[in-house]
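Everything below concerns the one structure shown next.
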Number of protein chains: 4
Amino acid sequence: MTLFEADLPPMTTSIGRSTADGIWVQGYNLADELMGEVDFGSTFFLLVTGRLPTAGEGRLFNAVLVALADHGLTPSALAARLTYTGAPEAVQGAIAAGVLGAGSEFLGVFENAGRMLRAAAPSEEADDAELDRLARGIVDAHRSRGDRLPGLGHPFHKGVDPRAARLCAMAEDHGLLGPHTRLMLRVQDHATSPSGKSLPLNAGGMCGALLCDLGIDTAALRGVAVVSRAAGIVGHLAEEARAPMGRTLWHLAEREAHYRPRRASGPAARTKD
Amino acid sequence: MTLFEADLPPMTTSIGRSTADGIWVQGYNLADELMGEVDFGSTFFLLVTGRLPTAGEGRLFNAVLVALADHGLTPSALAARLTYTGAPEAVQGAIAAGVLGAGSEFLGVFENAGRMLRAAAPSEEADDAELDRLARGIVDAHRSRGDRLPGLGHPFHKGVDPRAARLCAMAEDHGLLGPHTRLMLRVQDHATSPSGKSLPLNAGGMCGALLCDLGIDTAALRGVAVVSRAAGIVGHLAEEARAPMGRTLWHLAEREAHYRPRRASGPAARTKD
Amino acid sequence: MTLFEADLPPMTTSIGRSTADGIWVQGYNLADELMGEVDFGSTFFLLVTGRLPTAGEGRLFNAVLVALADHGLTPSALAARLTYTGAPEAVQGAIAAGVLGAGSEFLGVFENAGRMLRAAAPSEEADDAELDRLARGIVDAHRSRGDRLPGLGHPFHKGVDPRAARLCAMAEDHGLLGPHTRLMLRVQDHATSPSGKSLPLNAGGMCGALLCDLGIDTAALRGVAVVSRAAGIVGHLAEEARAPMGRTLWHLAEREAHYRPRRASGPAARTKD
Amino acid sequence: MTLFEADLPPMTTSIGRSTADGIWVQGYNLADELMGEVDFGSTFFLLVTGRLPTAGEGRLFNAVLVALADHGLTPSALAARLTYTGAPEAVQGAIAAGVLGAGSEFLGVFENAGRMLRAAAPSEEADDAELDRLARGIVDAHRSRGDRLPGLGHPFHKGVDPRAARLCAMAEDHGLLGPHTRLMLRVQDHATSPSGKSLPLNAGGMCGALLCDLGIDTAALRGVAVVSRAAGIVGHLAEEARAPMGRTLWHLAEREAHYRPRRASGPAARTKD
């Protein structure tokens, strides 16, 4: 009677379960083993990977989250503020509007860099020559297709993206500079802009590479960036509630935009049933 | 020419600013002063309040975030998974769908408890008698209006919500049991269900009270819960990518639902132009 | 073993069902009885109410949808455009961002007016005196609470909202000026702004009243406005793809906003674990 | 001082503008020329294309919108209902959650079919031989890449998708069977599933082709489907308010899902700072 196939896979989950007196997350007792014992960033790592990070992994993962949390009045922050202007009683909607801009142009870079590196599949033991070979392959493939290399270059931070530099230093300090990040650094060495300028690694590219080395699934890479940025958006919305700019921005748009209707010839151009 | 009033307030922000070589968050240099120096939870606290937490505040705020990060296959997690089924290439949309359910029935409780406590405005110096008086006022006002008290009772955790108990103990340990939380505990003492049963404080109520004491703006209370739960949702989506249940859930709904069209009398009932 | 009560209600739906060779909507065969036979607005009416509209009802419902479809560069349209700037490959996300602003400040007015009128419950046979009495009661109750009356006044259209006037005339022409709309017109007669000026009925208030008379459920009132406005948003996004303004708007915001970090005293103010 | 380039394009819009006594949409006076004069579907066409449709175009565009408005308890409808369960006071959020699933797996097919056809660029005068040549090129290219052809085949409607058949007949009747639709029909003739079965054109493929012939921008194709489906979602939410299934679905998921935590070895596996 149903139109669906009978043999759909069963539903299984490893994430959470509640009983009358306990809440379990990835096999840990939430109240006894996680709350007060591990920080939120490390709990997020656990939710995504199924294991708690080591001390160094936890620090690095937290630093990635801190790095991406805010970048000022971005299109995402503005979209969230404008949505709050219309629906201040439903803050979750304004946050959602803010994260919906995390696509190919901004935070998606993160995932694209990760996909590119995982496709190259550098092994744990890859030496410099091997990484150089892979990096050249990546750069050449993108150049021949006319594609931009994800994770390189930044509209503001043209010299060095300070977040990328800091993360790289931290990864070295903690012995967590794995094959994906080492490959990403080689890609940076070989890449140049169409006009021949060097293209420094940006925060998104570095974060994507580090998260690959930390074992974050490709499907979760963009999600890590989204949770991080959601924290920044909540900061913007708390400010919007105290010192609103939404209506001023609306005003600016109405005042600055030129209205040029496409209708050429007035009512006669209109066709009606 | 424009229809808007001329005297809209100027736009000001305290949150973030980028220059060619630096990124600033609430006056801190992101790469030098925050990354690797403070954890993500504490950075979130900074974004919302404009100051870094003390050590104890940071631990408590992290514990609140950990407490709310996941509660298994909630309607939010399921909505996110179903959205991922249709649009796996736009993970930000599935996360947004998940957080959009953070309204009055679930995570909004958080904000409602905070509003209730802030409306009572317990002072820092309030003694037990004063808090008792305020608590009785709150309970009586809700009872006379027939409203549920936010933050009390839980469909699963009927005895004690283990998360609330843990947070309470942590707040005491860190000397952070402030007037809002002490008032919330008194409300718990006085509240009973319509059938006369005691109503234990739940995680949402405890978190709302603690965040008031931590100085989180009312407008940001629900946002804190949303960021926390977003981490859980990313965990669910990473799992959905590996071991999908979206189509099985769809199948279950189609199979279990009864179809009862409201149309009584067939084609003749239809009116057309 | 499960924590849920055993006696949840069964799932039933009247809306749609597919078989191997037919698709049914509210009991109508979609391809044979609806496509090409009734317009989209009337199909929307069917989806929400479970019956097809009469000819006049169909025209009026379509006119309501047309009335609300666009209002220029609103915060909703701008939020959608900014989201598209970040994620042009996921247009559904930009549309979602646009509709998320349909809250208490703008399109929610629609629902609030409907709730207000339905709470007064004017009967089909109510005469002018009875409606006057109800209208005075509504106006007095709002005034005594210090609340704005939903559906009255408009920041631009201070004399007459031309959409409200047109809808009123259409409803009269089609014999569809029911008790909710007649009550709303009386509320307009009695209402004045705090400064004593008359407050003309706006499009939202008129639409809310008419939809009550058309039998649209209160829970669907805001949804009608959302679908209508979604059409306008798709128009804005099609234009954004051809002639983008998202980055210019971002630029304007960055340029016009003042940065005033709240951090008073520099690094020393920072507390670390 | 700003980091943005000085030469961003000016903001221009053709869509809407308000003055103190008039609202203009694409150059038409909304209240006088559109409301009551053209139906909502045709207004949507105007918003997207900048011109009103002819009578036949208006009927066909309305039929496309009707065709896609509902397909029963889809993942989108379920996500919307689950979101409503958590936040019934913010219906716009539930609608947004529903449309966010309009991605690559379901309604995005629409856009993909349109992109495929526009990339082939069939001319208005293309004869059967020319269309055959283009269709074979499309089929061969997809087969060699191992890609599915968008717009062909359906999990339920394995013989004929009745919506596609109806739309095709309507387009013929109105003389609107243009080169993109004729090409799509040829693609259907040449395409077979991996197991050699014929793959009938589905509603999404037919709608995508027809909208190309109607001159809808590629960037708006998915948006047309989203507005259509939003109407269905509002129908589901109106029903959810009357006869909820959200909690039952949650219950089913909790009851049917198996919990298998990934944590192998208990507390000792946990690493702490």
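Rule-based calculations on the coordinates, nothing more; no lab input. Quantities reported herein were computed from a predicted structural model and do not represent experimental measurements. Methodologically, a virtual Cβ is constructed for each residue, glycine included, from the backbone with ideal geometry; neighbour enumeration extends over all protein chains shown.
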For this session: Specify which residue in the list B:His174, B:Ser76, B:Gly58 is farthest towards the positive end of the charge dipole of region B:54-244, using unit charges on the beta carbon of Lys, Arg (+1) and Asp, Glu (-1), about the Cα centre.
Result: B:Ser76
Problem set entry | Other protein chain Cβ atoms within 10 Å, averaged over every residue that makes up D:239-245 | 6
Exercise. Between region D:115-187 and region A:80-116, what's the alpha-carbon centroid distance in Å?
Worked result: 36
Seminar exercise, completed: Which residues qualify? For B:Thr12, with a placed amide H closer than 5 Å and at least 5 residues away or on another chain, they are C:His258
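Take each uninterrupted DSSP H stretch in chain A, measure its Cα extent along the helix axis, and return the ones at 27 Å or beyond whose mean Kyte-Doolittle hydropathy is at least 0.5.
Working: long enough: A:218-242 (38 Å, 0.60).
What comes out of the filter, once short or polar helices are dropped, is A:218-242.
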Exercise. If packing is taken as the mean number of other Cβ atoms within 10 Å per residue, what is the order of B:59-67, B:115-123, highest first?
Worked result: B:59-67, B:115-123
Exercise. Once you sort the root eigenvalues of the Cα gyration tensor of the protein assembly as shown as a ≥ b ≥ c, which label holds: rounded (a/c under 1.5), prolate (a/b larger than b/c) or oblate (the other case)?
Worked result: rounded
Seminar exercise, completed: Output field shielding_mean for A:211-218 (other chain Cβ, 10 Å radius) holds 1
Problem set entry | Inter-copy spacing of C:Arg143 label points, which lie 7 Å from Cα along Cα→Cβ, given in nm from shortest upward | 3.7, 7.8, 7.9
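How would you rank A:30-40, D:142-152, highest first, on the average number of other Cβ atoms within 10 Å across their residues? Provide the component values of the computation, followed by the final result.
Details: A:30-40: 23.4, D:142-152: 16.6.
Those peptides, ordered most packed to least, come out A:30-40, D:142-152.
With a 10 Å radius around each residue's Cβ, average the other Cβ atoms per peptide and rank B:42-53, B:179-190, B:227-238, highest first. Mind showing how you got there, number by number?
Details: B:42-53: 25.5, B:179-190: 22.4, B:227-238: 28.8.
Highest mean packing first, the order is B:227-238, B:42-53, B:179-190.
First check a/c for region C:12-52, with a ≥ b ≥ c the square roots of the eigenvalues of its C-alpha gyration tensor; if it is under 1.5, answer rounded, and if not, answer prolate when a/b is larger than b/c or oblate otherwise.
On the way: a/c = 2.77, a/b = 1.17, b/c = 2.37.
Oblate, because a/c is 1.5 or more while a/b does not exceed b/c.
Mind checking D:167-173 for the average number of partner chain beta-carbons within 10 Å of each residue's beta-carbon? The partial results should precede the final answer.
Details: counts 3, 0, 3, 2, 0, 0, 1.
Neighbouring Cβ atoms belonging to other protein chains average 1 per residue here.
Given axes a ≥ b ≥ c from the Cα gyration tensor, I'd like to know whether chain C is rounded (a/c under 1.5), prolate (a/b larger than b/c) or oblate. Intermediate results must be reported in sequence, preceding the final value.
Working: a/c = 1.61, a/b = 1.19, b/c = 1.36.
Since a/c reaches 1.5 but b/c is at least a/b, the shape of chain C is classed as oblate.
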For this session: Rank D:Thr19, D:Thr83, D:Thr192 by mean-square fluctuation in a GNM of chain D with C-alpha springs under 10 angstrom and give only the top-ranked residue.
Result: D:Thr19
For this session: Report, ordered by chain and residue number, the aspartates and glutamates lying within cross-link reach of B:Lys197, taken as a straight Cα distance under 15 Å and ignoring same-chain residues fewer than 8 apart.
Result: B:Asp189
